[in-house]
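Take a look at the structure below.
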Amino acid sequence: MRSQAGTSSKAKGKSEDATQQAGKLICADANRIAARSLEGLVTFLTTYFRYLPTSEALRYLRRARADLLVAVRLIEEDRDSEAFTIGHPTTRVALTCAALSAMRRHVTGSDDPKVTRLVNSSLMLASRLDKVSPLLAKQGRLCSSTLNHLSEVSLEGSHGMEDSDGIMRHAISRFPSGIKKALYPFELELALMKVLLDRIHGFYLKAISCIPASCLRSRHHRGLLKAAHCYGQFDPVTNIILNTIWYDNVFPPHQEFEVDMIYDEALTRTECRSLDGLITFVTKLVPALSTYDATRYLLLDNVALDRVTSRAKEGGYEISNDRHDAYKVAARAANHPNPRALATFTLGSMEHGSKLKSLLENNRTLSPDDVKIISTYFSQYPCSKPGLVQKLTKHASQIVSAKRKDFEAHQSSICSCAQAALRKHAQDTASSSYVFCFSAVLAFFEPCLGEEYELFTICGVNAEIPSNGNFGYYENYDGYPYSHINIWARLKGSQLAAVAPTLLFIQCRNDSEDMKDSQFLCLPVSESSKDAGMLSVSCIQISLHDCS
């Protein structure tokens, strides 16, 4: 009897140990799944929203109680971003990166079937709220029939794109009760500044597309890059154009220098100065407003300064009446070459700006004659004589001459690449529509043409793009085989003033000597988001590479 009792007791002890061990394994698995899920959630947010640091993604998820779409909505409110859309390419890229992050030990890359299935099923379930919501609304553990039903829904045909508004309305309804604003750390302030800088970049691209290419090449590139800040009494694009033409007329150059392209570095420098001027203007006019709130107000009101000050007034802030001083301080903070003159011009430019706005409303772009008319408005302002240029030493003159030759050689190469890419784009679009055009050729005996663009202006060049998407502070040992180019171009045959130019992204190899055999990527840039600025297609490739 004792032996049997002892055996029974030992068996019971082993059973309990096995149960405890199984429980520990289940808990460990659950913790691993939870950790991977958190990695996926954070990766989605940091991929979908530019400049969002991991710490801020975690903070938003904590406020949203790990509800991804609620977190998305909270970030959209803080950034005044466009509403989340299922069908946007960024959504699929963010989901793919999230899947790679969560499954990285079990998948080979972004083209792994497991990743594709997870992304497709996620998009499918998100676009079937009418079927999914009732199934998930039940309290308690899900039964097997519900899980089977969800699986069937996830395997249905292609996901619908029309339900994005419903998805966000559903997310808003899930907002945790008592959710409140938190104190904003400095890291978020910097992130918002970067978002605002992206938006400012979009304003400059738009302004460049409105200025005639001949005027921009021959003269007004100087005023654009040196003094065309986007703050003033009008919308940012009108302010940029006004300040460009005004500065080149009132402060003419000692010697004109024609260019065909604008470097990223030069344009970014001007945009950063505009950002400094905007924030300084708002905080000078509303002294009690923090830098973070000034940045957020500028985002919410799309850099319309009148609306920003009205918002501050409605919030109970005291507004200063000395706008001249505010513009002067802003221009000084933005490193404008003549802050006092800019402040005086800005406050007296209401009539000129109104006429310019009417010209832009009637036509998508200005003509050279329009620029001449606007230039005559500034005849009342005293024209400053070009200052005496200090004579360079022989050595300094040689350096400047060499730099100029290098620039002209690079400019010629970039122009050739852009023209070759446009020809390749026309061939590709023609071949893709060959089947459709074949019947038209038989019927009308006309050739089938693709999208033939003519170059308007080169508005961005980055010649140092690595092959693996890894950028760093130190020299890239593998070199920079690619260049990224942004251009404004028009479809051939279109009326210049009636049709707005198209922003195109071009990727080309730097080591290609024969343009005919070179591989080009030439695609239109989406303008669906006001925060898009100049978004290159390679961002998608880089994001997927980094996640892999």
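Scan the range 444-495 for residues that are polar (S, T, N, Q), modelled with pLDDT under 70 and touching a His at 6+ places or on another chain (Cβ under 9 Å) and the total you get is 2. The residues in the range 237-251 that are under 13 Å from Ser274 (Cβ atoms) and crowded, with 24+ Cβ neighbours inside 10 Å can be counted, and the count is 4. Being assigned by TED's automatic domain parsing to the domain that holds Arg423, more than 20 Å from the chain's Cα centre (by Cα), modelled with pLDDT under 80 and not acidic (Asp, Glu) is a property that Ala532 lacks. Going by what's in this entry, would Leu298 be described as part of a helix (DSSP H, G or I), surrounded by 18 or more Cβ atoms within 10 Å (Cβ to Cβ) and not small (Gly, Ala, Ser)? Answer is yes for this residue.
Can you say whether Thr295 is touching an Asp or Glu at 6+ places or on another chain (Cβ under 8 Å), among the polar types (S, T, N, Q) and within 22 Å of Thr346 (Cα to Cα), as far as the supplied structure shows? For Thr295, the condition - touching an Asp or Glu at 6+ places or on another chain (Cβ under 8 Å), among the polar types (S, T, N, Q) and within 22 Å of Thr346 (Cα to Cα) - is met. Within the range 341-353, the set of residues being hydroxyl-bearing (Ser, Thr, Tyr), out of contact with any Phe, Trp or Tyr (no Cβ under 6 Å at 6 or more places or on another chain) and under 14 Å from Ile240 (Cα atoms) comprises just one member, Ser349. Can you confirm whether the range 315-323 contains a residue that is β-branched (Val, Ile, Thr), without any contact (Cβ under 8 Å) to a residue 60 or more places away in the chain and assigned to a helix (DSSP H, G or I)? Within the range 315-323 (the criterion being β-branched (Val, Ile, Thr), without any contact (Cβ under 8 Å) to a residue 60 or more places away in the chain and assigned to a helix (DSSP H, G or I)), the answer is no, since none of the residues qualifies. Just one of the listed residues (Ile245, Ile240, Ile179) is at pLDDT 95 or above and either aliphatic (A, V, I, L, M) or assigned to a helix (DSSP H, G or I) (or both), and it is Ile240. Just one residue in the set Ala66, Ala98 is more than 22 Å from Tyr292 (Cα to Cα) and part of a helix (DSSP H, G or I); that residue is Ala98.
Is it the case that Thr393 is loosely packed, with under 15 Cβ neighbours inside 10 Å, modelled with pLDDT of 85 or more and more than 30 Å from Phe520 (Cβ to Cβ)? Here the answer is yes, as Thr393 does meet what is asked. Checking Ser133, Ser127 one by one, the residue that is of a type in the set (Ser, Thr, Tyr), crowded, with 20+ Cβ neighbours inside 10 Å and either over 25 Å from the mean Cα position of the chain (by Cα) or not assigned by TED's automatic domain parsing to the domain that holds Val153 (or both) is Ser127 and no other. For Arg307, all conditions in the list (1) closer than 21 Å to Ser81 by Cα; (2) crowded, with 20+ Cβ neighbours inside 10 Å hold save one; what is the number of the exception? Of (1) closer than 21 Å to Ser81 by Cα; (2) crowded, with 20+ Cβ neighbours inside 10 Å, only one is false for Arg307: (2).
Evaluate the following for Lys355: is it assigned to a helix (DSSP H, G or I) and surrounded by fewer than 18 Cβ atoms within 10 Å (Cβ to Cβ)? When the stated conditions are applied, Lys355 passes them.
Of all residues in the range 358-372, those that are more than 16 Å from Leu242 (Cβ to Cβ) have Cβ atoms under 7 Å from Cβ atoms of residues that are of a type outside the set (S, T, N, Q) and modelled with pLDDT of 85 or more, 6 or more apart or on another chain, in Ser367/Pro212; Pro368/Pro212; Pro368/Cys215. When you scan the range 127-134, do you find a residue that is of a type outside the set (A, V, I, L, M, F, W, C), part of a helix (DSSP H, G or I) and in contact with a helix residue (DSSP H, G or I) (Cβ under 6 Å, 6 or more places away or on another chain), even just one? The answer is yes, given that some residue of the range 127-134 is of a type outside the set (A, V, I, L, M, F, W, C), part of a helix (DSSP H, G or I) and in contact with a helix residue (DSSP H, G or I) (Cβ under 6 Å, 6 or more places away or on another chain). Of everything listed in (1) crowded, with 18+ Cβ neighbours inside 10 Å; (2) in a loop (DSSP other than H, G, I, E, B); (3) modelled with pLDDT under 70, the single unmet condition for Val107 is (3).
Scanning the range 358-377 for residues that are at pLDDT below 80 and assigned to a helix (DSSP H, G or I) turns up Leu359, Leu360, Glu361, Asn362. Among the conditions (1) touching a helix residue (DSSP H, G or I) at 6+ places or on another chain (Cβ under 6 Å); (2) surrounded by fewer than 14 Cβ atoms within 10 Å (Cβ to Cβ), the only one that Thr346 does not satisfy is (2).
Taking the range 358-371 as the search range and keeping residues that are within 30 Å of the chain's Cα centre (by Cα) and among the charged types (D, E, K, R), which one is surrounded by the fewest Cβ atoms within 10 Å (Cβ to Cβ)? Among those that are within 30 Å of the chain's Cα centre (by Cα) and among the charged types (D, E, K, R), it is Glu361. For the criterion of being within 17 Å of Arg340 (Cα to Cα) and in contact with a Gly (Cβ under 7 Å, 6 or more places away or on another chain), Thr244 passes.
The values are calculated or read from the model by the stated rules, or taken from the named source; none is laboratory data. Given the structure is predicted, the values throughout are model-derived calculations rather than measurements. For neighbour counting, all protein chains shown are included, and Cβ atoms are generated from backbone atoms with ideal geometry for every residue, glycine included.
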